[in-house]
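Asks: Have a look at this one before I ask anything.
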Amino acid sequence: MDLITADVSPAVPANEAKWAHEARADPRLLADIAYAVGGPFHVLFPDQFGENVLALRETLSAAGVDGTVYFGKKANKSSCWIPECVRSGAGVDVASEPELVRALAGGVRGEDVVVTGAAKKDSLLWLAIRHGALIAVDALDELDRLTGLARRTGPARIQLRVRPPNDPTSRFGLDESELEQALHRCVTAAGALRMEGFSFHLSGYLAQPRAALAAELVDRCVRARTLGLDASSVDIGGGFAVSYVDEQDWRTYTGDLPAEWFHAGRKFGHFYPYHQNPAGADMLAAILDTTVDGGLTLADKLTSTGTRLLMEPGRALLDRAGFSVFRVQGLKHRGDYAIATVGGLSLSVSEQWKNSEFLPDPLLWPRTGEYAPIGVCVGGASCLEYDMLSWRKIPLPRPPRSGDLLVYPSTAGYQMDKNESEFHQLPLPDRVVLDRTAGGFRWRLDR
Ligand SMILES: *Cc1c(COP(=O)(O)O)cnc(C)c1O
């Protein structure tokens, strides 16, 4: 309570998994890694990723629905998730040749890959056909290119991506008349194309619109089957919610916020929705349980029509599966608060580059030392005024000292490497993978 003064913002502690607390409770682990790598680093815990996959898969089986979870790979570049996909029975959603190659090299079979993205290169389409991957067709001319390639190379497995009816300005997907033509072309090119179903990817995190559109696509599948097409699956894309913080703490940060909570009186127009309910597997359960027509839930509708449910979660599979560590280089006082400068850049916390800020509180490590609470904002090691990891005056238990670590929790989904850069010729943060051992953790670099 004594932390809440004019020059400190209210705390927003992250919901973290047990492993993260244990890793920070280890008296040596983070210090040893920091010493070894010498710069900022991202800590990755693949076991948590595997648990997140299994939670979704168990939700599917509990509802009696057959389906596949594909990891939306763009949410984190590290390699360590891929073997975990293999172990936990997930496929991978890729959108570039390097992503496809990394998935295959990690042991994911081509048949367990879905290739998404707009106007995919011929070389990516060709590689996808060669490996029997499912290809989400986004445009009619792409379908024509793909058909040409498939005639020469072997049949292509495809799904038709639908432009969301509630987002008619989306640049992705096929509209009604394009879908009509695409189906016709699938029938004509039946030898070269295997049309397995329809897909979409919605923005936002609501269950209801996903259930409604999925139900519509089941109807489309049923109609496509009458044309002799396979049309056996519906892919609802990604956008599974993640809850980073408790509702109470999140509510403090909605609405107009006092300028004194932020360095330089900075105002943010919006924050990412850091609290959500339902999230992850609970959101999938809610989607499956949504009534879609005449008392029928989406789960009923899928099972009664023999339709499989595919999904491409990125962020949700990385929920609580990693954190980012920056070394404090110095501290400077500014009246009642202080500015810590860390080795590393705000480019390693992606939210900062959307005219917003990653809200969950960074933690000071080690936690030892006198109790002398202070509000601290966090700057990066560049010459840019706006290179701030946190404009917010974060309530810390004591002033950080040079050599301390600041741990940004729950950063695995998109924060770590979406916008990383080597500005100032600073090397990118290292990636450190933790594995459990009998006595604690072992660590290795992600390659
Ligand atoms: C980005 C993306 C995803 C993953 O989205 P999340 O919000 O991380 O779950 C899945 N499918 C497609 C087509 C995407 O573009």
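The values are calculated or read from the model by the stated rules, or taken from the named source; none is laboratory data. Here the structure is a predicted model, which is why all the values come from computation and not from measurement. Neighbour counts are summed over all protein chains in view; Cβ atoms, including those assigned to glycine, are modelled from backbone coordinates with ideal geometry.
Asks: For region 79-93, enumerate the residues that are surrounded by 22 or more Cβ atoms within 10 Å (Cβ to Cβ) and touching a residue at least 60 places away in the same chain (Cβ under 8 Å).
Replies: Cys80, Trp81, Ala90, Asp93
Asks: Within region 366-409, how many residues turn out to be of a type in the set (S, T, N, Q) and either buried (at least 24 other Cβ atoms within 10 Å of the Cβ) or without any contact (Cβ under 8 Å) to a residue 24 or more places away in the chain (or both)?
Replies: Looking only at that region, the number is 2.
Asks: Please verify whether region 63-84 includes one or more residues that are of a type in the set (Gly, Ala, Ser), away from the ligand (no atom under 16 Å from the Cβ), closer than 22 Å to Val349 by Cα and in the same structural domain as Val325 (by TED's automatic domain parsing). Lay out the reasoning, then the answer.
Replies: Keep residues of region 63-84 that are of a type in the set (Gly, Ala, Ser), which gives 63-64, 67, 72, 75, 78-79.
Among the residues that remain, those that are also away from the ligand (no atom under 16 Å from the Cβ) are: 63-64, 79.
Filter once more, keeping what is closer than 22 Å to Val349 by Cα: 79.
Now narrow it down to the ones that are in the same structural domain as Val325 (by TED's automatic domain parsing): none.
Taking every residue of region 63-84 in turn, none turns out to be of a type in the set (Gly, Ala, Ser), away from the ligand (no atom under 16 Å from the Cβ), closer than 22 Å to Val349 by Cα and in the same structural domain as Val325 (by TED's automatic domain parsing).
Asks: Let me ask something else. Show the residue pairs that are 6+ apart or on different chains and have beta-carbon atoms under 6 Å apart, the first residue being within region 158-186 and within 18 Å of Val115 (Cα to Cα) and free of Cβ contacts under 8 Å to residues at least 40 places away in the same chain, the second being among the aliphatic types (A, V, I, L, M) and assigned to a helix (DSSP H, G or I).
Replies: Leu160/Ala182; Leu174/Ala182
Asks: Which members of region 149-184 meet the condition of being crowded, with 20+ Cβ neighbours inside 10 Å and of a type in the set (Lys, Arg)?
Replies: Once the filter is applied, which keeps residues that are crowded, with 20+ Cβ neighbours inside 10 Å and of a type in the set (Lys, Arg), region 149-184 yields Arg157, Arg161.
Asks: Here's another thing I want to ask about it. Hey, among Ala182, Ala136, Ala150, which residue is within 24 Å of Thr68 (Cα to Cα), in contact with a strand residue (DSSP E or B) (Cβ under 9 Å, 6 or more places away or on another chain) and either part of a helix (DSSP H, G or I) or of a type in the set (A, V, I, L, M) (or both)?
Replies: None of the others qualify; the one that does is Ala136.
Asks: Next question, about the same structure. Take the conditions closer than 30 Å to His333 by Cα, out of contact with any Phe, Trp or Tyr (no Cβ under 9 Å at 6 or more places or on another chain), touching a residue at least 40 places away in the same chain (Cβ under 8 Å) and of a type in the set (Val, Ile, Thr) and apply them to Thr290. Does it pass?
Replies: No.
Asks: Here's a follow-up. Does region 432-446 include one or more residues that are away from the ligand (no atom under 16 Å from the Cβ), at pLDDT 95 or above and among the aromatic types (Phe, Trp, Tyr)?
Replies: Yes: one or more hits.
Asks: Go over the candidates Ala215, Ala264, Ala231, Ala211 one by one and state the one that is part of a loop (DSSP other than H, G, I, E, B) and either more than 16 Å from the ligand (Cβ to nearest atom) or closer than 23 Å to Pro313 by Cβ (or both).
Replies: One residue alone meets the criteria, Ala231.
Asks: Can you tell me which residues in region 37-53 are closer than 18 Å to Gly106 by Cβ and charged (D, E, K, R)?
Replies: Asp47
Asks: If Asp417 meets every condition in (1) part of a loop (DSSP other than H, G, I, E, B); (2) under 18 Å from Thr341 (Cα atoms); (3) touching a residue at least 24 places away in the same chain (Cβ under 8 Å); (4) not small (Gly, Ala, Ser) apart from one, which number is that one?
Replies: With respect to (1) part of a loop (DSSP other than H, G, I, E, B); (2) under 18 Å from Thr341 (Cα atoms); (3) touching a residue at least 24 places away in the same chain (Cβ under 8 Å); (4) not small (Gly, Ala, Ser), Asp417 is out only on (2).
Asks: Still on this structure: What residue, among those in region 303-333 that are more than 16 Å from the ligand (Cβ to nearest atom) and out of contact with any strand residue (DSSP E or B) (no Cβ under 9 Å at 6 or more places or on another chain), is nearest to Ile394 (Cα to Cα)?
Replies: Thr303
Asks: Taking only pairs six or more apart or across chains, which ones have beta-carbon atoms under 8 Å, a first residue in region 238-260 that is more than 30 Å from Asn52 (Cα to Cα), and a second residue that is of a type in the set (D, E, K, R) and within 16 Å of the ligand (Cβ to nearest atom)?
Replies: The qualifying pairs do not exist here.
Asks: Please find, among Ala14, Ala62, the residue that is surrounded by fewer than 19 Cβ atoms within 10 Å (Cβ to Cβ) and of a type in the set (Gly, Ala, Ser).
Replies: When all the criteria are applied, what remains is Ala62.
Asks: Do we find a residue being within 18 Å of the chain's Cα centre (by Cα), assigned to a helix (DSSP H, G or I), within 25 Å of Arg444 (Cβ to Cβ) and at pLDDT 95 or above anywhere in region 55-67? Reasoning before the result, please.
Replies: At the first step, the residues of region 55-67 found to be within 18 Å of the chain's Cα centre (by Cα) are 55-57.
If we keep only those that are assigned to a helix (DSSP H, G or I) too, we end up with 55-57.
Checking the rest, the ones that are also within 25 Å of Arg444 (Cβ to Cβ) come to none.
No: region 55-67 contains no residue that is within 18 Å of the chain's Cα centre (by Cα), assigned to a helix (DSSP H, G or I), within 25 Å of Arg444 (Cβ to Cβ) and at pLDDT 95 or above.
Asks: OK, next. Would you call Val187 within 16 Å of Ser233 (Cα to Cα) and of a type in the set (A, V, I, L, M)? Spell out the reasoning first.
Replies: Details: within 16 Å of Ser233 (Cα to Cα): no; of a type in the set (A, V, I, L, M): yes.
Taking the combined requirement at face value, the residue does not satisfy it.
Asks: Between Gly379, Gly369, which is more than 25 Å from Gly314 (Cα to Cα) and either at pLDDT below 95 or within 16 Å of the ligand (Cβ to nearest atom) (or both)?
Replies: It is Gly369.
Asks: Another question, if that's okay. Quick check on Thr153: is it away from the ligand (no atom under 16 Å from the Cβ), hydroxyl-bearing (Ser, Thr, Tyr), free of Cβ contacts under 8 Å to residues at least 40 places away in the same chain and farther than 21 Å from His201 by Cα?
Replies: So Thr153 passes the test.
Asks: Further question: Pro278 passes all but one of (1) part of a helix (DSSP H, G or I); (2) within 16 Å of the ligand (Cβ to nearest atom); (3) not hydrophobic (A, V, I, L, M, F, W, C); which number fails?
Replies: Evaluating Pro278 over (1) part of a helix (DSSP H, G or I); (2) within 16 Å of the ligand (Cβ to nearest atom); (3) not hydrophobic (A, V, I, L, M, F, W, C) leaves (1) as the failure.
Asks: Now for a different question. Would you check if there is a residue in region 330-343 being within 26 Å of Glu260 (Cα to Cα), in a loop (DSSP other than H, G, I, E, B) and modelled with pLDDT of 95 or more?
Replies: Within region 330-343 (the criterion being within 26 Å of Glu260 (Cα to Cα), in a loop (DSSP other than H, G, I, E, B) and modelled with pLDDT of 95 or more), the answer is yes, since at least one residue qualifies.
Asks: From the set of residues in region 95-122 that are in contact (Cβ under 8 Å) with a residue 24 or more places away in the chain and part of a strand (DSSP E or B), which is nearest to the ligand (Cβ to nearest atom)?
Replies: This residue is Val114.
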